[in-house]
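Written below as structure tokens is the structure these notes are about.
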Amino acid sequence: MNDFDALPAAELEAELLAVCAAPAWGAAVTAGRPYPSREALLHAAGALVRGLSWDEVLKGLSAHPRIGERAEGAAKEAAWSRREQSTAASTADDATKAELVAVNRAYEEKFGHVFLIFASGRSQAEILAAAKQRLGNDEAAERTVVADQLARIAVLRLERMLDELG
């Protein structure tokens with residue numbers, strides 16, 4: 001925790017954008033220092049994502065590729081995204097992949113943003129089933145689910161960042 005708490009604010013906020021692309025979240029996490037423990041930081045980080053305005057959640061979504069699509073580039077968040085989706089990518093057959101593309105399209109038409117799910121450890125069949133189920137949500141319910149999924153991803157990535165800091 002000492003390394004995290006000791007980083008200059010501007011440097012930390014830049015690092016946190018790779019964790020969650022919502023600037024207000026990075027600023028709030030930074031402003032909350034020092035944290036008494038890793039667990040306290042992770043708990044606060046998740047709660048802060050869930051408390052973001054919808055506009056900030058949309059900023060957070062902007063860094064996420066469509067589920068099933070490979071994130072391009074050498075940036076840290078792209079590498080994390082590829083890692084998070086690696087199990088799903090390796091477990092899908094062509095029919096499931098095609099169906100996921102169709103469900104992604106239907107989801108984006110209904111809600112106006114990418115389908116976001118905590119993909120780590122899930123198969124594409126599991127992700128597809130969740131996407132189909134979530135298409136039945138209304139806008140308010142889906143916003144709550146999206147914020148929760150974004151929080152889960154941010155906490156996982158923050159854990160990785162903390163591991164890298166040592």
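The values are calculated or read from the model by the stated rules, or taken from the named source; none is laboratory data. A quick note: this is a predicted structure, and the numbers were derived from the prediction, not measured. Cβ sites come from the backbone with ideal geometry, for glycine too, and all protein chains shown count toward neighbours.
Of all residues in segment 43-96 being among the aliphatic types (A, V, I, L, M), part of a helix (DSSP H, G or I) and at pLDDT below 65, which is farthest from the chain's Cα centre (by Cα)? Once the filter is applied, the top-ranked residue is Ala89. Taking the criterion of being surrounded by fewer than 13 Cβ atoms within 10 Å (Cβ to Cβ) and without any contact (Cβ under 8 Å) to a residue 12 or more places away in the chain, the residues of segment 135-166 that qualify are Gly136, Asp138, Ala140, Ala141, Thr144, Asp163, Glu164.
If the condition is being part of a helix (DSSP H, G or I), touching a residue at least 40 places away in the same chain (Cβ under 8 Å) and among the hydrophobic types (A, V, I, L, M, F, W, C), then segment 100-134 contributes Ile127, Ala131. Suppose the filter is more than 22 Å from Gly51 (Cβ to Cβ) and surrounded by fewer than 21 Cβ atoms within 10 Å (Cβ to Cβ); does Ala119 pass it? Answer is no for this residue.
Hey, can you tell me all the residues within segment 135-158 that are acidic (Asp, Glu), farther than 30 Å from Arg38 by Cα and part of a helix (DSSP H, G or I)? Within segment 135-158, just Glu139 meets the criteria.
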